[in-house]
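What follows is a short report on a single structure.
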């Protein structure tokens, strides 16, 4: 064998260990880079070639040809990636959902002294003060002021909620933009990775970048992805292709014709709606399309209930100036409820008296103040609903409709459940809140009771001179006009329910956000455990590479010495 | 499990955030004295607290209503007290006048005193409370009794039969006024008849017949005073009940909303220790590196 082979082996070692130091250095440099996967140099011994094996030197086969770097591999567990991206989706969804909900809670700021509930209390009190002193101008002025405080607070809550909903709509457009920038970058990375990896090398850093973008996309919306044999990754958003090879399909936020003033996200090319069950987009849409409209609707129901019930009493009363027929409130809902300007300008027009020419009569004002105690002040607004005294079919009358306080305010729909009835909230497809097991009634009547577990949620009393079969009950109750029930509340109870339901929603959204965050943190740690950089480890690797490099250099020195001996000191016999 | 620089850092940040968040929460609780900052802290508690707050405000208003009613009734009571004294004097005078031994001049001077009583009685009937005529029913801006002629020949009721109702509880309303026409009845015409009979030296029999009228007037006034007294008692009793209710509602509200100061301070100390321990652990741990041992 020739010494130059040893020299060559040593040079290979120098090269390989220098590369190891380079890689450690690259890892250390990226210790804090998000999405970076640590890289490892794979070394393998270089075996003898066939030519060598054919050589006559029998010792040659026993020594190798040194080392070569076979690959620079990034440490990555694609299964963990898959799991982490799922949790990123739920994390994005719940954090995007819980944040605006918490903001909505601040709009109401209750229980507190200056929330809507406090103002409602002051409003009712002011009516009693007018009852106490109907002839007193200060009491009337104070009532006008309390009313204006209440109405402007309701208007502001409405405006704040509407503004927050508009902000959420802007978020929808922003998310569309983020999806586009991520998907177009993935498309271009697909192209680059394909090019780089054509010759079998790994495009580690490009792949890291692409994985980071997939992480981001998973946080934004529900995606599926598969890596193709040409090393490009195909990404689906919902069931629609988002990225194939080096082509990204742009999404766009366009006005939603079914929801005034709101945008929806579509695929720009074919107009398909973007569907997603997770990700920030889902959270934002849930808040924008479910929670906020419901809150605004409840606020409007409260305002409309105050307007209609108080106006109808007030219009029948008489002011100090004998004026009558004046509405107390103007407006139709929380967006425009206001004290009638005529009354605001002249509080003596507050109709405290129940007849003309009675300055000391606070009877009508007392009737208004009594509305505070009326359980039926705030009723639902759907046209068709089962009311007390309603005839179900000939001979059967609903004599009582009771909805328990456990149910939140609103309209409840009865739907068939086999031979029985389900009670659903909000719509005929809404969540089931109770089930009534129907049984034949004896002559005289009986009751149909909706149960949730062991709790009674609603009861319908029926009076009839005849017997009433279970099948007839189902038919009658599902008949149009009989198939809905409405909760009734006093204004205070309705508002308290609004606040506590919102509080429970915020509480559960925060809980979900926290738990998905926790799960995500755990998976991130597992990913980090595989892919993250540990400085001590890199320093050790670098140290080892440095030692190996030094030793290889020593090999060169040794061979150099040997060559020196051979060249300069041989053939000197007798000299 | 491999611990990497990024996961160590993010863990440290997470620990610190969690500890600071708990600290912040306790500080907020201590600063505001409230356990319930938002409805989401305790949704069902929030519903209860709102209901208690509503009831507390309602009860406070009920007490205002009662105080207003009591003030009105106290004025009524003292007016009726005056009316009682006047009627008692009128009775004495009519008994005197009915005595046949009096001559025309003596009867005339009795008539003059009755005239005074009529005037005072009209003033009592027109008593007002802060500009409100208390016996006028709903016509509180109009004097209850109009005096015609000097000396008066007729005194007519100008009010109506309106009862001013005040709510004293969710179930009860109580009137705060006494209607003048009912309590005074025919007292003015009776007194005018007595005066005229005495002044004109009319038949003694008519004078003694008038005593019965004055007795029945006294009876009406005393009946009204008893009624006013009973109503004041009812207001007072309701006020006591309302104050008791208020105390227990405030307790219930405080149980839901307010912090236990001692407990919260102990918690804060514990959290402070935890935060300091976390900071200390991070400080010591982050100095550990292989680099410290290599040269």
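Going residue by residue through the range A:471-494, is there one that turns out to be surrounded by fewer than 17 Cβ atoms within 10 Å (Cβ to Cβ), part of a strand (DSSP E or B) and in contact (Cβ under 8 Å) with a residue 60 or more places away in the chain? Full working, then the answer.
Going through the range A:471-494, the residues surrounded by fewer than 17 Cβ atoms within 10 Å (Cβ to Cβ) turn out to be A:471, A:475, A:478-481.
Of the ones still in play, those that are also part of a strand (DSSP E or B) are none.
No: zero hits.
When you go through (1) modelled with pLDDT under 90; (2) more than 7 Å from chain A (Cβ to nearest Cβ) one by one for residue B:2, which number turns out not to apply?
Failing condition for residue B:2: (2).
Among the candidates A:70, A:117, which residue alone is within 13 Å of another protein chain (Cβ to nearest Cβ), farther than 30 Å from residue A:356 by Cβ and more than 27 Å from the chain's Cα centre (by Cα)?
Values: A:70 fails: within 13 Å of another protein chain (Cβ to nearest Cβ).
Of the residues listed, the single one that is within 13 Å of another protein chain (Cβ to nearest Cβ), farther than 30 Å from residue A:356 by Cβ and more than 27 Å from the chain's Cα centre (by Cα) is A:117.
Return the only residue of A:398, A:351, A:436, A:344 being crowded, with 21+ Cβ neighbours inside 10 Å and touching a residue at least 40 places away in the same chain (Cβ under 8 Å). Outline the logic, then answer.
Working: A:351 fails: touching a residue at least 40 places away in the same chain (Cβ under 8 Å); A:436 fails: touching a residue at least 40 places away in the same chain (Cβ under 8 Å); A:344 fails: crowded, with 21+ Cβ neighbours inside 10 Å.
From the options A:398, A:351, A:436, A:344, the qualifying one is A:398.
Restricting to the range A:212-230, what's the tally of residues that are outside any helix (DSSP H, G or I) and buried (at least 18 other Cβ atoms within 10 Å of the Cβ)?
4
Which residues, taken from the range B:145-180, are within 14 Å of chain A (Cβ to nearest Cβ), surrounded by fewer than 15 Cβ atoms within 10 Å (Cβ to Cβ) and within 23 Å of residue B:221 (Cβ to Cβ)?
B:161
Please verify whether residue B:94 is more than 14 Å from chain A (Cβ to nearest Cβ), part of a helix (DSSP H, G or I) and buried (at least 19 other Cβ atoms within 10 Å of the Cβ), treating the condition exactly as stated. Talk me through it step by step, then tell me what you get.
Working: more than 14 Å from chain A (Cβ to nearest Cβ): yes; part of a helix (DSSP H, G or I): yes; buried (at least 19 other Cβ atoms within 10 Å of the Cβ): yes.
Against the criterion (more than 14 Å from chain A (Cβ to nearest Cβ), part of a helix (DSSP H, G or I) and buried (at least 19 other Cβ atoms within 10 Å of the Cβ)), residue B:94 qualifies.
Could you list, in sequence order, the residues of the range A:517-534 that are touching a helix residue (DSSP H, G or I) at 6+ places or on another chain (Cβ under 6 Å) and either buried (at least 21 other Cβ atoms within 10 Å of the Cβ) or facing another protein chain (nearest Cβ under 8 Å) (or both)?
Of the range A:517-534, the ones touching a helix residue (DSSP H, G or I) at 6+ places or on another chain (Cβ under 6 Å) are A:517, A:519-520, A:523, A:525-528, A:532-533.
Matches in the range A:517-534: A:520, A:525, A:526, A:527, A:528, A:532, A:533.
Have a look at A:466, A:438 and point out the one that is touching a helix residue (DSSP H, G or I) at 6+ places or on another chain (Cβ under 6 Å), more than 14 Å from chain B (Cβ to nearest Cβ) and either assigned to a loop (DSSP other than H, G, I, E, B) or at pLDDT below 90 (or both). It would help to see each step written out before you state the result.
Values: A:466 fails: touching a helix residue (DSSP H, G or I) at 6+ places or on another chain (Cβ under 6 Å).
The match here is A:438.
Residues B:74, B:102, B:65: which one is touching a helix residue (DSSP H, G or I) at 6+ places or on another chain (Cβ under 8 Å) and surrounded by fewer than 14 Cβ atoms within 10 Å (Cβ to Cβ)? Before the answer, list the steps.
Values: B:102 fails: surrounded by fewer than 14 Cβ atoms within 10 Å (Cβ to Cβ); B:65 fails: surrounded by fewer than 14 Cβ atoms within 10 Å (Cβ to Cβ).
Every option except B:74 fails the conditions.
Which of the residues belonging to the range A:345-362 are within 7 Å of another protein chain (Cβ to nearest Cβ) and closer than 23 Å to residue B:57 by Cβ?
Passing the criteria: only A:362.
Can you pull out the residues in the range A:197-211 that are within 22 Å of residue A:33 (Cα to Cα) and assigned to a helix (DSSP H, G or I)? Don't jump to the end; show me each part of the working.
Looking only at the range A:197-211, we keep the residues that are within 22 Å of residue A:33 (Cα to Cα), and these are A:202-211.
Across the range A:197-211, the qualifying residues are A:204, A:205, A:206, A:207, A:208, A:209, A:210, A:211.
Tally time: how many residues in the range A:231-261 are buried (at least 17 other Cβ atoms within 10 Å of the Cβ), touching a residue at least 60 places away in the same chain (Cβ under 8 Å) and part of a strand (DSSP E or B)?
Within the range A:231-261, residues that are buried (at least 17 other Cβ atoms within 10 Å of the Cβ), touching a residue at least 60 places away in the same chain (Cβ under 8 Å) and part of a strand (DSSP E or B) number 6.
Please verify whether the range B:135-143 includes one or more residues that are crowded, with 16+ Cβ neighbours inside 10 Å and either more than 12 Å from every other protein chain (Cβ to nearest Cβ) or in a strand (DSSP E or B) (or both).
yes
Which number in (1) buried (at least 16 other Cβ atoms within 10 Å of the Cβ); (2) within 14 Å of another protein chain (Cβ to nearest Cβ) marks the one condition that residue B:114 misses?
Single failed check for residue B:114: (2).
Could you tell me whether the range B:6-14 includes any residue that is within 8 Å of another protein chain (Cβ to nearest Cβ), in a helix (DSSP H, G or I) and touching a strand residue (DSSP E or B) at 6+ places or on another chain (Cβ under 7 Å)? Spell out how you get there, then give the answer.
Narrowing the range B:6-14 to residues within 8 Å of another protein chain (Cβ to nearest Cβ): B:6-7, B:9-11, B:14.
Remaining after also requiring in a helix (DSSP H, G or I): B:6-7, B:9-11, B:14.
Filter once more, so that each one left must be touching a strand residue (DSSP E or B) at 6+ places or on another chain (Cβ under 7 Å): none.
There is no residue in the range B:6-14 that is within 8 Å of another protein chain (Cβ to nearest Cβ), in a helix (DSSP H, G or I) and touching a strand residue (DSSP E or B) at 6+ places or on another chain (Cβ under 7 Å).
The values are calculated or read from the model by the stated rules, or taken from the named source; none is laboratory data. All of these numbers come straight from a predicted model, not from anything done at the bench. Because the Cβ atoms are built from the backbone with ideal geometry, glycine has one as well, and the counts that use them run over all protein chains shown.
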